[in-house]
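The block underneath contains the structure these notes are about, expressed in structure tokens.
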Amino acid sequence: MSKQIELEIWGREFSLHVDYDCYEGEEITEAQIQALKQFRTHTERIEQSKSAVENYCKEQVMSDDENNKKDNIFSYIKPECLFVKRDKENPRIALMCKYRYDLEHGLAVVFSSDGEVAVGLQDIIL
């Protein structure tokens, strides 16, 4: 199941699909609906996550001599969609991104309901 939302991410507007972690034929859970609602209420967490993403990518970005825009996060990250995990105990939403330094796995910025932010390959949420 999927829908589209408008979202500002690190100073730029994006139109992103929202993909829900559901089994075939399964309805979106109330926990997933509430997780997305809470995420949209606390958009400042997106801006705060920028430094965590930059820190995660720092070594690869700095060693890339071909990246002339190292200070521009969008030269190595491209937000693609939001992924809402099916989990009643710990609702999480991930900003799934294309990642210049790992095109196969991409990058996930995971926002937990308790305010914690984790950054890593998309495997950390899938």
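Can we say Asn55 is closer than 18 Å to Glu13 by Cβ and more than 10 Å from the chain's Cα centre (by Cα)?
Criteria not met by Asn55.
Checking Gly106 against (1) of a type outside the set (Lys, Arg); (2) on the phi > 0 side of the Ramachandran plot; (3) touching a residue at least 40 places away in the same chain (Cβ under 8 Å), only one condition comes out false. Which one?
Result: Gly106 fails condition (3) only.
Just wondering, is there one or more residues in the range 110-125 that are touching a helix residue (DSSP H, G or I) at 6+ places or on another chain (Cβ under 7 Å), over 16 Å from Ser49 (Cβ atoms) and in contact (Cβ under 8 Å) with a residue 24 or more places away in the chain?
Within the range 110-125, none of the residues are touching a helix residue (DSSP H, G or I) at 6+ places or on another chain (Cβ under 7 Å), over 16 Å from Ser49 (Cβ atoms) and in contact (Cβ under 8 Å) with a residue 24 or more places away in the chain.
For the range 58-73, how many residues meet the condition of being touching a residue at least 40 places away in the same chain (Cβ under 8 Å) and either over 22 Å from Glu47 (Cβ atoms) or surrounded by fewer than 12 Cβ atoms within 10 Å (Cβ to Cβ) (or both)?
1
Starting from residues that are among the aromatic types (Phe, Trp, Tyr) and in a loop (DSSP other than H, G, I, E, B), keep the ones in the range 74-126 and report whichever is surrounded by the fewest Cβ atoms within 10 Å (Cβ to Cβ).
For the range 74-126, the residue satisfying everything is Tyr101.
Of everything in the range 7-60, what is in a loop (DSSP other than H, G, I, E, B), closer than 12 Å to Leu95 by Cβ and in contact with a strand residue (DSSP E or B) (Cβ under 8 Å, 6 or more places away or on another chain)? Give them in sequence order.
If the condition is that a residue be in a loop (DSSP other than H, G, I, E, B), closer than 12 Å to Leu95 by Cβ and in contact with a strand residue (DSSP E or B) (Cβ under 8 Å, 6 or more places away or on another chain), then Thr43 is the only one that fits.
If the requirement is being touching a residue at least 60 places away in the same chain (Cβ under 8 Å) and among the basic types (Lys, Arg), which of these qualifies: Lys50, Lys85?
Step by step, each of Lys50, Lys85 is checked, and only Lys85 is touching a residue at least 60 places away in the same chain (Cβ under 8 Å) and among the basic types (Lys, Arg).
No lab work stands behind these numbers, since they all come straight from the coordinates. Predicted model only: the values in this text are computed from it and were never measured. Because the Cβ atoms are built from the backbone with ideal geometry, glycine has one as well, and the counts that use them run over all protein chains shown.
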